[in-house]
């Protein structure tokens, strides 16, 4: 008789159960309330469904709706529910893949006739009907031949070749009769949990993301455990629609997206103002922190990219061309170029740390279906920097990078109290000695603690070439965005043979740190537009003040006010149209100008301006000089 399994529960207690006991049975033994609330279980780090027979002991906990992992199980099951409904409503449908995502789920499908937005309510209604039927999710294991037979019987031709790519000999399906699908799982006990769902969109897709492959359709949706959570998320979605940076960017005349350059933004004069103000903010920090700015070529031979490792791991996202019989690539990253700058002459420990910043344009061959305004582009520039230092200098350099981030985030609108930090450490397969990793991880963690920045530890999630810190900001409607990164790199100095002469006269390998404070300017500006709904802080706004004349008779004074604003260094405009003042205020408000200065006969006589904030607050009349003092202080402080 097999020995019993020992389960270690979250409260520190243990429970012995016979092999083959299911997590659902463990939940029932603990208590009826927990059994009703349980969604799935985590056994020795693996999320499994409640019906999976246990084959090993170890740490054990039950997932309920309050656990983040439970939401992924819910949404994965919702993707299967979507496939159930579509295959019933559109017989002959072939299935692609249907994963859970950060915000919901999707399924790629090949249907006999195209699905349109008008079909979504009907599909959603059928999903709710199936949810009420409490159809089970039953796990069935088979071998390769059995998997191919099952897929063929179900009419899922696309997945048949995929069977041979699965490394495990045991291949699993989940049955919800009459529906079945090949899937790793895990899933909910049944469909009754899936009442609070919403289908969002249908779009084009390709089998396995290959633009040369079989065309399919992708239906996206979301699902939550409660109606309140779903309603709150839908409200955030509506807020996101109202804040869409593509629409606001067009209204503010910041940038445009043209069919002649898909994924390549066209920056207009006002957008370039925002771009350059962010550059100025960063360059002030770089100058104060001893960075040198470099520019490396946009085209470099593919020999370089082979040496750096990008050709092997990233070539599908790169653009290549030939010059005089030699292959070149448009650079997707700056780091190999700065390595060549470092290696251009012998280096001594006296030059370290060597801090090199670069804002050169980068290009990445993103799939057309993934492009999204400024948030996902093919051309971008990053606030990139690479620091080469001695191992003993590592913590001080990281601390300085964190201090720079702490100086930059509040002015653009992200309080440090809302910045989430993740520290990813050594993965199972890692380059470099354990001692080097220990040093780097300690330097990253100690620098964060010294800066007073709490962080979440993500063991094993670092890159093979070094540990990293990620900085995530939260926008005005609760979405998180990764902006900053600090990455220690043991690989690149090795690949490029970088050295310096140490104090002992011997040659040593420097440590390389990649860092970005804001990330890509394109993505950041898209995020800032949506975060501020286009109402940038005054220092960042493309137009900081607009003078509005009440009638054409007040045009001379309006021009005089404009001249004084410009002389004081403000970015200002004047509206001398013959329209009513209400229309002028409305138009300037739509342009998201921070300050509106209304001038008429009374203001001209007294040398004042009637000041309104762009958001609608009426600050009343004040002497022009007082306004200038107020706004210049606000801009200088980047308040």
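Identify, please: which residue in region 130-145 is touching a helix residue (DSSP H, G or I) at 6+ places or on another chain (Cβ under 8 Å) and assigned to a helix (DSSP H, G or I) and is, among those, nearest to residue 186 (Cα to Cα)?
131
Among the listed residues 581, 550, 585, identify the single one that is farther than 20 Å from residue 253 by Cβ, in contact with a strand residue (DSSP E or B) (Cβ under 8 Å, 6 or more places away or on another chain) and without any contact (Cβ under 8 Å) to a residue 40 or more places away in the chain. Break it down stepwise before answering.
Values: 550 fails: without any contact (Cβ under 8 Å) to a residue 40 or more places away in the chain; 585 fails: farther than 20 Å from residue 253 by Cβ.
Result of the check over 581, 550, 585: 581.
Can you find even one residue in region 527-546 that is surrounded by fewer than 22 Cβ atoms within 10 Å (Cβ to Cβ) and free of Cβ contacts under 8 Å to residues at least 60 places away in the same chain?
no
How about region 605-639: which of its residues are surrounded by 13 or more Cβ atoms within 10 Å (Cβ to Cβ) and part of a loop (DSSP other than H, G, I, E, B)?
If the condition is that a residue be surrounded by 13 or more Cβ atoms within 10 Å (Cβ to Cβ) and part of a loop (DSSP other than H, G, I, E, B), then 614, 638 are the ones that fit.
In region 297-323, what residues are crowded, with 16+ Cβ neighbours inside 10 Å and touching a residue at least 24 places away in the same chain (Cβ under 8 Å)?
Passing the criteria: 300, 302, 304, 305, 307, 308, 310, 318.
Please specify each residue of region 22-49 satisfying the condition of being within 30 Å of the chain's Cα centre (by Cα), surrounded by 15 or more Cβ atoms within 10 Å (Cβ to Cβ) and assigned to a loop (DSSP other than H, G, I, E, B).
Correct list: 39, 49.
Which residues, counting only those in region 429-441, are in a loop (DSSP other than H, G, I, E, B) and either modelled with pLDDT of 90 or more or surrounded by 19 or more Cβ atoms within 10 Å (Cβ to Cβ) (or both)?
The first filter runs over region 429-441 and keeps only residues in a loop (DSSP other than H, G, I, E, B), leaving 429-433.
Scanning region 429-441 gives 430, 432.
With the condition being in contact with a strand residue (DSSP E or B) (Cβ under 9 Å, 6 or more places away or on another chain) and exposed (fewer than 13 other Cβ atoms within 10 Å of the Cβ), I'd like the strands (runs of 3 or more DSSP E) fully within region 166-251 carrying at least 1 qualifying residues. First the steps, then the outcome.
Values: elements: 171-176, 179-182, 196-206, 215-224.
Answer list for region 166-251: 196-206, 215-224.
Identify all residues within region 343-377 that are within 20 Å of residue 400 (Cβ to Cβ) and within 31 Å of the chain's Cα centre (by Cα); write none if there are none.
353, 354, 355, 356, 357, 358, 359
Identify, by number, the condition in (1) surrounded by fewer than 17 Cβ atoms within 10 Å (Cβ to Cβ); (2) under 30 Å from residue 126 (Cα atoms) that residue 107 doesn't meet.
That leaves (1) as the condition not met.
May I ask you to verify whether residue 97 is closer than 23 Å to residue 52 by Cβ, within 33 Å of the chain's Cα centre (by Cα) and at pLDDT 95 or above?
It is false that residue 97 is closer than 23 Å to residue 52 by Cβ, within 33 Å of the chain's Cα centre (by Cα) and at pLDDT 95 or above.
Answer with yes or no whether residue 593 is in contact with a strand residue (DSSP E or B) (Cβ under 9 Å, 6 or more places away or on another chain), part of a loop (DSSP other than H, G, I, E, B), crowded, with 17+ Cβ neighbours inside 10 Å and at negative phi.
On the way: in contact with a strand residue (DSSP E or B) (Cβ under 9 Å, 6 or more places away or on another chain): yes; part of a loop (DSSP other than H, G, I, E, B): yes; crowded, with 17+ Cβ neighbours inside 10 Å: yes; at negative phi: yes.
So residue 593 passes the test.
Tell me yes or no: at least one residue of region 76-83 is more than 21 Å from residue 181 (Cβ to Cβ) and either in contact with a strand residue (DSSP E or B) (Cβ under 6 Å, 6 or more places away or on another chain) or modelled with pLDDT of 90 or more (or both). Talk me through it step by step, then tell me what you get.
Taking region 76-83 first, the residues more than 21 Å from residue 181 (Cβ to Cβ) are none.
Within region 76-83 (the criterion being more than 21 Å from residue 181 (Cβ to Cβ) and either in contact with a strand residue (DSSP E or B) (Cβ under 6 Å, 6 or more places away or on another chain) or modelled with pLDDT of 90 or more (or both)), the answer is no, since none of the residues qualifies.
Being more than 16 Å from residue 156 (Cβ to Cβ), touching a helix residue (DSSP H, G or I) at 6+ places or on another chain (Cβ under 8 Å) and in a helix (DSSP H, G or I) is the filter here; which residues of region 86-118 pass it?
Answer for region 86-118, where residues must be more than 16 Å from residue 156 (Cβ to Cβ), touching a helix residue (DSSP H, G or I) at 6+ places or on another chain (Cβ under 8 Å) and in a helix (DSSP H, G or I): just 89.
Would you say residue 294 is under 20 Å from residue 358 (Cα atoms) and surrounded by fewer than 16 Cβ atoms within 10 Å (Cβ to Cβ)?
Details: under 20 Å from residue 358 (Cα atoms): yes; surrounded by fewer than 16 Cβ atoms within 10 Å (Cβ to Cβ): no.
No.
Select from region 545-590 the residues that are more than 21 Å from residue 632 (Cα to Cα) and part of a strand (DSSP E or B) and list them in ascending order.
Listed by number, the residues that qualify are 549, 575.
Could you tell me whether residue 461 is farther than 23 Å from residue 339 by Cβ and in contact with a strand residue (DSSP E or B) (Cβ under 9 Å, 6 or more places away or on another chain)? Write out each step before concluding.
Working: farther than 23 Å from residue 339 by Cβ: yes; in contact with a strand residue (DSSP E or B) (Cβ under 9 Å, 6 or more places away or on another chain): yes.
Against the criterion (farther than 23 Å from residue 339 by Cβ and in contact with a strand residue (DSSP E or B) (Cβ under 9 Å, 6 or more places away or on another chain)), residue 461 qualifies.
Would you call residue 62 at pLDDT 90 or above, in contact with a helix residue (DSSP H, G or I) (Cβ under 6 Å, 6 or more places away or on another chain) and assigned to a loop (DSSP other than H, G, I, E, B)? Lay out the reasoning, then the answer.
Values: at pLDDT 90 or above: yes; in contact with a helix residue (DSSP H, G or I) (Cβ under 6 Å, 6 or more places away or on another chain): yes; assigned to a loop (DSSP other than H, G, I, E, B): no.
Criteria not met by residue 62.
Suppose the filter is in contact with a strand residue (DSSP E or B) (Cβ under 8 Å, 6 or more places away or on another chain), surrounded by 14 or more Cβ atoms within 10 Å (Cβ to Cβ) and under 22 Å from residue 237 (Cα atoms); does residue 52 pass it?
The answer is no for residue 52.
Here is a list: 99, 59, 114. Which entry is surrounded by fewer than 15 Cβ atoms within 10 Å (Cβ to Cβ), closer than 18 Å to residue 208 by Cα and in contact with a strand residue (DSSP E or B) (Cβ under 9 Å, 6 or more places away or on another chain)?
The unique qualifying residue is 99.
Does region 487-497 include one or more residues that are touching a strand residue (DSSP E or B) at 6+ places or on another chain (Cβ under 8 Å) and at pLDDT 95 or above? Can you show your working first?
Here is the first cut: in region 487-497, the ones touching a strand residue (DSSP E or B) at 6+ places or on another chain (Cβ under 8 Å) are 487-493.
Remaining after also requiring at pLDDT 95 or above: none.
The answer is no; no qualifying residue exists.
Please verify whether residue 447 is touching a residue at least 12 places away in the same chain (Cβ under 8 Å), surrounded by 17 or more Cβ atoms within 10 Å (Cβ to Cβ), in contact with a strand residue (DSSP E or B) (Cβ under 8 Å, 6 or more places away or on another chain) and not in a strand (DSSP E or B), treating the condition exactly as stated. Lay out the reasoning, then the answer.
Values: touching a residue at least 12 places away in the same chain (Cβ under 8 Å): yes; surrounded by 17 or more Cβ atoms within 10 Å (Cβ to Cβ): yes; in contact with a strand residue (DSSP E or B) (Cβ under 8 Å, 6 or more places away or on another chain): no; not in a strand (DSSP E or B): yes.
Spelling it out, it is not the case that residue 447 is touching a residue at least 12 places away in the same chain (Cβ under 8 Å), surrounded by 17 or more Cβ atoms within 10 Å (Cβ to Cβ), in contact with a strand residue (DSSP E or B) (Cβ under 8 Å, 6 or more places away or on another chain) and not in a strand (DSSP E or B).
The values are calculated or read from the model by the stated rules, or taken from the named source; none is laboratory data. The structure presented is a predicted model; accordingly, all values stated were derived computationally and were not measured. Quick reminder, even Gly has a Cβ in these numbers, built from the backbone with ideal geometry, and neighbours come from all protein chains shown.
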